[in-house]
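Chemist: Pasting in a structure now, in structure tokens, and then I'll have a few things to ask.
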Amino acid sequence: MGTDAVHSAVGSSRNGAATPDIVRLVQRPTACRIARIHLLGAMRATSYLGDDILPRGKKARALLAYLCLASGTKVPRIGLARLLWDQAGDELARESLRRALSELCAAMGPLAGELISTDLGTIDLNVDACWIDALALLESSSPDSVRSDLALFCSGKLLEGLDGVSASFDRWLAAERDRFNRNTRGLLGLQRVSPDDREYLPPGLSPRPETHAHQPLPARNRLRVAVLPFEGNGRGRNAEREENLAFSLSHDIAAGLARFRWFDVVTAISFISKPSVNFSTEDLLRRNLTDYVVDGVVVRRGRFFQIDVRLLDVTGRAQPVWNERFELKAGELHRLNEMVTGRVVGSIDPVILFIEGQPNCREHYGATGLLLLAIPLLHSMEQEKFERAGVLIYEAMVIDPKNAMAPAWAALWHITRVGQGWTRDVVATLATAETLCLRAIEIDPDNAEALGIYAHTCSWKKDFDAAVRYYDRSLRLNPNLAFIWALSAATYCWIGEPAAALQRLNRYRDLAPSDPYFYIFQAAYVVAYFFKGDYEQAVLVGRSAVKANPYFSAGYKPLIASLGHLGRASEAKPYIEKLLSLEPHFTVEHHAKTYPFKRASDRRRYMRGLLLAGVPAR
């Protein structure tokens, strides 16, 4: 019943083909900043995923610095060459510039094409795709648009350590430092941050809103998560700095949580008219204004900051449901987003989904409530429960056609049917999944989960280039979405990059170490180790994976293939029996046709392992 119901709700075009309008919608560029560049103090540059994209060479760094401070202006190549290599002739200087530019682009990796533009005569940096600390301060120079926290955090001399590149560069740098100091003098003590800087402030320093950070929906038809201002317990001269850091960290976490689509995120100040009034967890509980509360404390202990964060369920009696302690060296505050904010945000989302998915947890609201109930049934991989999940997802699509999460999860439901061997018409099922994904993206083009699930669909349809592209877009929109990091790992196995797959799985575990649904994604580790050729490790992890979820057939296949290559067919026999009880029609021949391998050599190796273990050939 679930299969027919969800399929009938799609209204897909023939063969599931996407209309040209929707294709254009999916392919539109995102507006997210993809690089963070610090020019104050020691120069640093990271991607939106936290990867270091700063070149090692001093000349290449100087080139990047100049392009940053050019603020998007096209810079003549000959001028750059003469500035950085003022003792060389023009021909040699041009060649040196080409090498430095090549080094810069190599450091930026796949982002270079979006960040650096060149032609025969000029080079420019796409500053709209970057957050640059010095420009943020320079562009926020009026008292009405600047906040003291930004100036406090962005401390240090401009381009510290870049002196001595060349005499001409030193003169340019001295002039830039003088201009910067004059234009930023008096920033301390000012009250607000420019709206242009709200999206990409330094880690832990999001702006204090005038009224609220994230306005909840007027009706209580969705979950609410309130993030209270964190407390700073510093003393003496550092007390104000720690209070600012604590308050700003809480808003950074609120901004990160707001990227998820399961709940509305608000700050306590949203509920009151006077920002100066103290608002506690008890107030939220008494007024029944929220379902969950995030609070925290920041304390400096010597050379370390200790940060305690907890999540409380406040729908009944206030009850902690998750907590974590982080320690950060005082000199590593620039890594606050990587080491604290991302882990907090990445952990909270799956914890809430798990709690809300429990039967009789509480009265649920609308389509989102139905989806929350469907998720654990889908993850169970028990066919009867799985079909019930399909019915709930269909009901969510019917009662709220504008809820993008409903068709997105309906698509994942269909893809899972393919992976579990519960559909004989793989092509039609994948076409349905694709149409559902495109419907979700049409409703909400910036829905990171919908884009990630669409990428997974592309993988199963063996369009691997599209899959990689849409996983990238998904994680740009929400780099803390642990679920998509794990899902993308399968694609990197299928395209023959198991090392990248393991990196993505480790990122998933780093973001959500307490994910209650880890047993689902544990099977991806087995696939990665098989593709890597580490059959012993695949068997070790595979035994644990199938024990954790004996109904998930995807866990058995790489385990069995690994045992086959190790010559342990007798050990594989009970696993084959269980697999065939889950998928009675499973054969090596059918699996070779449907499983999305990119490389023929990987397909042959996988199928040979299954045959050696004793899986029926056809």
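Chemist: Against the condition assigned by TED's automatic domain parsing to the domain that holds Y551, closer than 19 Å to G533 by Cβ and crowded, with 18+ Cβ neighbours inside 10 Å, how does F586 come out, does it pass?
Modeler: Criteria not met by F586.
Chemist: Let me ask something else. Return yes when K385 is charged (D, E, K, R) and assigned to a loop (DSSP other than H, G, I, E, B) and no when it is not. Spell out the reasoning first.
Modeler: Details: charged (D, E, K, R): yes; assigned to a loop (DSSP other than H, G, I, E, B): no.
Spelling it out, it is not the case that K385 is charged (D, E, K, R) and assigned to a loop (DSSP other than H, G, I, E, B).
Chemist: I need the full set of residues from segment 297-310 which are surrounded by fewer than 23 Cβ atoms within 10 Å (Cβ to Cβ) and either over 20 Å from W262 (Cβ atoms) or more than 23 Å from the chain's Cα centre (by Cα) (or both), in order please.
Modeler: Answer for segment 297-310, where residues must be surrounded by fewer than 23 Cβ atoms within 10 Å (Cβ to Cβ) and either over 20 Å from W262 (Cβ atoms) or more than 23 Å from the chain's Cα centre (by Cα) (or both): V297, V299, R300, R301, G302, R303, F304, Q306, D308.
Chemist: Before we move on, is I393 over 30 Å from A42 (Cβ atoms), in the same structural domain as T267 (by TED's automatic domain parsing) and part of a helix (DSSP H, G or I)? Give the derivation first.
Modeler: Details: over 30 Å from A42 (Cβ atoms): yes; in the same structural domain as T267 (by TED's automatic domain parsing): no; part of a helix (DSSP H, G or I): yes.
Answer is no for this residue.
Listed here are the residues, each with its yes/no results for (1) under 20 Å from Y394 (Cα atoms); (2) polar (S, T, N, Q).
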position	(1), (2)
R439	yes, no
A466	no, no
N478	no, yes
A482	no, no
S488	no, yes
T491	no, yes
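Chemist: Return a yes/no flag: does segment 335-355 have any residue that is closer than 21 Å to L481 by Cβ, over 25 Å from the mean Cα position of the chain (by Cα), touching a residue at least 24 places away in the same chain (Cβ under 8 Å) and surrounded by 15 or more Cβ atoms within 10 Å (Cβ to Cβ). Full working, then the answer.
Modeler: Of segment 335-355, the ones closer than 21 Å to L481 by Cβ are 335-355.
Now drop any that are not over 25 Å from the mean Cα position of the chain (by Cα), which leaves none.
No; the residues of segment 335-355 include none that is closer than 21 Å to L481 by Cβ, over 25 Å from the mean Cα position of the chain (by Cα), touching a residue at least 24 places away in the same chain (Cβ under 8 Å) and surrounded by 15 or more Cβ atoms within 10 Å (Cβ to Cβ).
Chemist: Against the condition over 21 Å from D534 (Cβ atoms) and outside the structural domain of L582 (by TED's automatic domain parsing), how does G419 come out, does it pass? Outline the logic, then answer.
Modeler: Values: over 21 Å from D534 (Cβ atoms): yes; outside the structural domain of L582 (by TED's automatic domain parsing): yes.
Yes: the conditions hold for G419.
Chemist: Considering only segment 534-560, state which residues are touching a residue at least 12 places away in the same chain (Cβ under 8 Å) and not in a helix (DSSP H, G or I).
Modeler: N549, P550, Y551, F552
Chemist: Within segment 554-592, which residues are polar (S, T, N, Q) and either modelled with pLDDT under 95 or more than 33 Å from the chain's Cα centre (by Cα) (or both)? Explain how you work it out, then say what you get.
Modeler: Filtering segment 554-592 down to residues polar (S, T, N, Q) leaves 562, 570, 581, 587.
S570, S581, T587, listed by residue number.
Chemist: Residue check: is A62 at pLDDT 85 or above, farther than 19 Å from L173 by Cα and not acidic (D, E)?
Modeler: no
Chemist: Would you mention how many residues in segment 459-488 are crowded, with 24+ Cβ neighbours inside 10 Å and more than 13 Å from the chain's Cα centre (by Cα)?
Modeler: Matching residues across segment 459-488 total 2.
Chemist: Another question about this same structure. Identify, by number, the condition in (1) over 18 Å from F552 (Cα atoms); (2) buried (at least 16 other Cβ atoms within 10 Å of the Cβ); (3) in contact with a His (Cβ under 8 Å, 6 or more places away or on another chain) that R608 doesn't meet.
Modeler: All conditions pass for R608, except number (2).
Chemist: Can you tell me which of N447, N403 is among the polar types (S, T, N, Q) and within 20 Å of the chain's Cα centre (by Cα)?
Modeler: N447
Chemist: Every residue in segment 319-378 that is in a helix (DSSP H, G or I), within 19 Å of D252 (Cα to Cα) and acidic (D, E), please.
Modeler: Matches in segment 319-378: E332, E338, D349.
Chemist: Sort through A523, A613, A561, A512 and tell me the only one that's touching a Pro at 6+ places or on another chain (Cβ under 6 Å), surrounded by 17 or more Cβ atoms within 10 Å (Cβ to Cβ) and not polar (S, T, N, Q). Write out each step before concluding.
Modeler: Details: A523 fails: touching a Pro at 6+ places or on another chain (Cβ under 6 Å); A613 fails: touching a Pro at 6+ places or on another chain (Cβ under 6 Å); A561 fails: touching a Pro at 6+ places or on another chain (Cβ under 6 Å).
Criteria check complete, one pass: A512.
Chemist: Then there's this: Could you please find all residues in segment 289-305 being out of contact with any Phe, Trp or Tyr (no Cβ under 8 Å at 6 or more places or on another chain) and part of a loop (DSSP other than H, G, I, E, B)?
Modeler: Once the filter is applied, which keeps residues that are out of contact with any Phe, Trp or Tyr (no Cβ under 8 Å at 6 or more places or on another chain) and part of a loop (DSSP other than H, G, I, E, B), segment 289-305 yields T290, G302, R303.
Chemist: Being surrounded by fewer than 19 Cβ atoms within 10 Å (Cβ to Cβ) and in contact (Cβ under 8 Å) with a residue 12 or more places away in the chain is the filter; apply it to segment 489-508 and report the residue that is farthest from F597 (Cα to Cα). Spell out the reasoning first.
Modeler: At the first step, the residues of segment 489-508 found to be surrounded by fewer than 19 Cβ atoms within 10 Å (Cβ to Cβ) are 496, 499-500, 503, 506.
Subsequent filtering for residues that are in contact (Cβ under 8 Å) with a residue 12 or more places away in the chain retains 496, 499.
Values: G496: 8, A499: 16 Å.
Ranking the qualifying residues of segment 489-508, first place goes to A499.
Chemist: Does L392 satisfy the condition of being over 19 Å from D264 (Cβ atoms), out of contact with any strand residue (DSSP E or B) (no Cβ under 9 Å at 6 or more places or on another chain) and without any contact (Cβ under 8 Å) to a residue 24 or more places away in the chain?
Modeler: Taking the combined requirement at face value, the residue satisfies it.
The values are calculated or read from the model by the stated rules, or taken from the named source; none is laboratory data. Quantities reported herein were computed from a predicted structural model and do not represent experimental measurements. All Cβ positions, glycine included, derive from the backbone under ideal geometry; neighbour counts span all protein chains shown.
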